[in-house]
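Take a look at the structure below.
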Amino acid sequence: MRPYKTAHTEAKTERIINRSRFISQCFPVRSEDEALSKLNEVRKQYPDATHVCYAYRIGELSETTRFSDAGEPSGTAGMPILEVLKANELTYVLCTVTRYFGGILLGAGGLVRAYSSGAADAVKAAGVEKHIPGALIALRCDYSRYGAIESLIAKSNAAITESEFTDEIRLSISCAKKEADSITKAIIERTDGRCKPELAGECELVLPQ
């Protein structure tokens, strides 16, 4: 896999601009079908809205990109939303901005600013996480050395994903793939060679940004 960034969670924000109500929502999505399903949910949530504009990017390289002005003047809504996603380097993401017209025309420039700021608000509220190639490390250790391992993992791009406590401790650790060798060596050093971690496969590691 290639590293990529996406929204951390779903989020919704709202602005009133010259009496028009702008409701912005950001969704992490795993496929175009999921993006379209979320979009339909938004449309059903606001059936009487004047416009439901959107943009989404799907794929590690954003191979699938779509946007819509949904009746607003061409280039004033969907593209500004998309540019916010690009500026934040996000993919596997859908952003919608729903407008209830308030009776005052904003002009092309005003619309671009309204939809851009709405999308930016939603992205900020959702937060960003980075997905990178990861490796799984399996190991066994005794209780006296668990603290040293836990401290090491806390200071690395790694996490204990599974643990089993019996007469000994069995751990599964996920870490950045490029750091797997150094973390393995560090564990051996921290445990005076008593613990022998082994690479147990690959994974996708999620890091908050």
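A short reminder: the numbers here are calculations on the coordinates, not readings from a lab. If you're wondering where the values come from, they're calculated on a predicted model, not measured in any experiment. Cβ placement follows ideal geometry from the backbone for every residue including glycine, while neighbour counts extend to all protein chains displayed.
The listed peptides 56-64, 164-172, ordered by packing as a protection proxy, come out as 56-64, 164-172 (highest mean of other Cβ atoms within 10 Å first).
Remark: the Cα gyration tensor places segment 1-146 in the prolate category, a/c being 1.5 or greater and a/b exceeding b/c. For the chain, the longest principal axis of the C-alpha atoms and the axis of helix 180-190 are separated by about 40°. Pairs spanning more than 21 Å between alpha-carbon atoms, out of LYS124/LYS178; LYS155/LYS185; LYS44/LYS130; LYS44/LYS86: LYS124/LYS178; LYS44/LYS130; LYS44/LYS86. Once the chain from ARG140 to LEU207 is taken as fully extended at 0.36 nm per residue, the excess over their C-alpha distance is 21.6 nm. Once both labels are positioned 7 Å from their Cα atoms along Cα-to-Cβ, the gap between ASP181 and SER163 label points is 2.9 nm. One way to sum up the overall shape of segment 103-177 is the equivalent ellipsoid from its Cα gyration tensor, whose semi-axes run 50, 11, 9 Å, largest first.
So how far, in whole Å, is the C-alpha centre of segment 56-88 from the one of segment 92-139? Here the two parts' Cα centres lie 10 Å apart.
Report the calculated FRET efficiency for ARG66 and SER31 (r = Cβ-Cβ distance, R0 = 22 Å), to the nearest 0.05.
Numbers: r = 13 Å, r/R0 = 0.57.
FRET efficiency, ARG66 to SER31: 0.95.
Calculated from DSSP H runs of 4 or more alone, at -39500 (n - 2.57) each and per residue, what is the 222 nm mean residue ellipticity of the chain, nearest 500? Value at 222 nm, helices only: -10000 deg cm²/dmol. For segment 132-208, just say rounded, prolate or oblate: build the C-alpha gyration tensor, square-root its eigenvalues into a ≥ b ≥ c, call rounded for a/c under 1.5, and beyond that prolate if a/b exceeds b/c, oblate if not. Verdict is prolate for segment 132-208. Taking every alpha-carbon pair under 8 Å whose residues sit at least 6 apart, the chain reaches a relative contact order of 24 percent.
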